[in-house]
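Asker: Take a look at this one; I'll ask things after.
The values are calculated or read from the model by the stated rules, or taken from the named source; none is laboratory data. Everything numeric here is computed off the predicted structure, so don't read it as measured data. Quick reminder, even Gly has a Cβ in these numbers, built from the backbone with ideal geometry, and neighbours come from all protein chains shown. Surface accessibility is based on the protein's heavy atoms, side chains included, excluding ligands, DNA and RNA. Shrake-Rupley method; radii C 1.70, N 1.55, O 1.52, S 1.80 Å.
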Amino acid sequence: GIQVEQSPPDLILQEGANSTLRCNFSDSVNNLQWFHQNPWGQLINLFYIPSGTKQNGRLSATTVATERYSLLYISSSQTTDSGVYFCAVGEAGGTSYGKLTFGQGTILTVHP
Amino acid sequence: NAGVMQNPRHLVRRRGQEARLRCSPMKGHSHVYWYRQLPEEGLKFMVYLQKENIIDESGMPKERFSAEFPKEGPSILRIQQVVRGDSAAYFCASSPGTGGARSYGYTFGSGTRLTVV
């Protein structure tokens with residue numbers, strides 16, 4: 001099956017700093033989503049981005065499908081950004097286009 | 001417009017009992033997915049359902065686990081004869097989707113934390 005690797009595994013920032021999270025995947029995808037799991041365990045969909053670039057406030061994401069990676073940018077980080085960020089992909093040509101494979105996540109801690 | 005509703009939020013079962021987890025998708029969503037998150041691990045796909053159909057159950061353990069999404073009512077994930085290793089957070093997600101189309105973004109529920117004692 002498809003492999004998903006996220007880096008860095010842990011990231012500690014001061015409030016106001018910028019950061020870039022990376023997601024590498026081993027095969028072609030037709031679905032890529034970024035999620036934030038907050039300290040209470042809730043999963044929030046940030047972006048559906050199998051290709052191209054999207055922005056939503058202080059967050060933006062870029063997926064270069066031909067090179068098999070995606071980047072999540074967080075600007076002017078806030079303490080509420082803390083949590084785990086997951087990249088999840090759906091393998092192109094898979095028998096189940098709804099199935100996502102998750103990376104292990106990046107644990108982000110933002111200090112005031 | 002309520003999101004994906006999961007209940008109960010927390011469930012405690014003794015070894016050997018049955019656990020039933022419920023998921024009501026967002027209004028207008030016809031696709032439901034179940035994922036399991038073990039402690040200190042990422043999320044693992046379990047099963048993908050549409051109304052009255054199991055589309056992909058490749059992530060379901062072969063025994064004791066079953067899922068359904070009936071014509072009326074919520075999707076149910078059922079675990080029979082629970083063991084300590086079943087303790088985990090179980091998340092349900094839903095999405096709209098048309099036949100043959102690519103997947104859309106998921107909306108996750110808040111999860112059910114199952115503890116087996």
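Asker: Please verify whether the stretch A:40-49 includes one or more residues that are among the small types (Gly, Ala, Ser), out of contact with any Gly (no Cβ under 7 Å at 6 or more places or on another chain) and part of a loop (DSSP other than H, G, I, E, B).
Answerer: We begin by selecting, within the stretch A:40-49, every residue among the small types (Gly, Ala, Ser); these are A:41.
Those still in the list that are out of contact with any Gly (no Cβ under 7 Å at 6 or more places or on another chain) too: none.
Looking for residues that are among the small types (Gly, Ala, Ser), out of contact with any Gly (no Cβ under 7 Å at 6 or more places or on another chain) and part of a loop (DSSP other than H, G, I, E, B), one finds none in the stretch A:40-49, hence no.
Asker: Return yes when B:GLY16 is of a type outside the set (A, V, I, L, M, F, W, C), loosely packed, with under 13 Cβ neighbours inside 10 Å and not in a loop (DSSP other than H, G, I, E, B) and no when it is not. Walk me through how you get there before you give the answer.
Answerer: Working: of a type outside the set (A, V, I, L, M, F, W, C): yes; loosely packed, with under 13 Cβ neighbours inside 10 Å: yes; not in a loop (DSSP other than H, G, I, E, B): no.
Here the answer is no, as B:GLY16 does not meet what is asked.
Asker: For the stretch A:14-35, give me each residue that is open to solvent by 20 Å² or more (accessible area, probe 1.4 Å) and assigned to a strand (DSSP E or B). Steps first, answer last, please.
Answerer: Of the stretch A:14-35, the ones open to solvent by 20 Å² or more (accessible area, probe 1.4 Å) are A:14-18, A:20, A:22, A:24, A:26-30.
A:GLN14, A:THR20, A:ARG22, A:ASN24, A:VAL29, A:ASN30, listed by residue number.
Asker: Please work out which residue is farthest from A:LEU32 (Cα to Cα), limiting yourself to the stretch A:81-100 and to residues that are at pLDDT below 95 and either open to solvent by 40 Å² or more (accessible area, probe 1.4 Å) or away from every other protein chain (no Cβ under 14 Å) (or both).
Answerer: The qualifying residue farthest from A:LEU32 (Cα to Cα) is A:THR95.
Asker: In the stretch A:18-47, how many are of a type outside the set (A, V, I, L, M) and under 21 Å from B:GLY111 (Cα atoms)? Before you say what the answer is, go through the steps one by one.
Answerer: Narrowing the stretch A:18-47 to residues of a type outside the set (A, V, I, L, M): A:18-20, A:22-28, A:30-31, A:33-42, A:45, A:47.
The next check asks that each one be under 21 Å from B:GLY111 (Cα atoms); those that pass are A:33-42, A:45, A:47.
Looking only at that region, the number is 12.
Asker: Moving to a separate point now. Against the definition (at the interface with chain A (Cβ under 10 Å from one of its Cβ atoms), polar (S, T, N, Q) and surrounded by 15 or more Cβ atoms within 10 Å (Cβ to Cβ)), how does B:GLN6 come out, yes or no?
Answerer: Working: at the interface with chain A (Cβ under 10 Å from one of its Cβ atoms): no; polar (S, T, N, Q): yes; surrounded by 15 or more Cβ atoms within 10 Å (Cβ to Cβ): yes.
Spelling it out, it is not the case that B:GLN6 is at the interface with chain A (Cβ under 10 Å from one of its Cβ atoms), polar (S, T, N, Q) and surrounded by 15 or more Cβ atoms within 10 Å (Cβ to Cβ).
Asker: Same structure again: Scan the stretch A:64-80 for residues that are open to solvent by 10 Å² or more (accessible area, probe 1.4 Å) and either within 10 Å of the chain's Cα centre (by Cα) or not small (Gly, Ala, Ser) (or both) and jot them down. Reasoning before the result, please.
Answerer: Filtering the stretch A:64-80 for residues open to solvent by 10 Å² or more (accessible area, probe 1.4 Å) gives A:64-69, A:71, A:73, A:75-76, A:78-80.
Those that are open to solvent by 10 Å² or more (accessible area, probe 1.4 Å) and either within 10 Å of the chain's Cα centre (by Cα) or not small (Gly, Ala, Ser) (or both): A:VAL64, A:THR66, A:GLU67, A:ARG68, A:TYR69, A:LEU71, A:TYR73, A:GLN78, A:THR79, A:THR80.
Asker: Find the residue count for the stretch B:55-86, including only residues that are over 12 Å from the mean Cα position of the chain (by Cα) and either away from every other protein chain (no Cβ under 14 Å) or open to solvent by 70 Å² or more (accessible area, probe 1.4 Å) (or both). Break it down into steps so the answer makes sense when it comes.
Answerer: Taking the stretch B:55-86 first, the residues over 12 Å from the mean Cα position of the chain (by Cα) are B:55-56, B:58, B:61-64, B:70-73, B:80-86.
Filter once more, keeping what is either away from every other protein chain (no Cβ under 14 Å) or open to solvent by 70 Å² or more (accessible area, probe 1.4 Å) (or both): B:55, B:58, B:61-64, B:70-73, B:80-86.
Of the residues in that region, 17 qualify.
Asker: Could you tell me whether A:THR66 is part of a helix (DSSP H, G or I) and of a type outside the set (D, E, K, R)? Show your work before the answer.
Answerer: On the way: part of a helix (DSSP H, G or I): yes; of a type outside the set (D, E, K, R): yes.
Criteria met by A:THR66.
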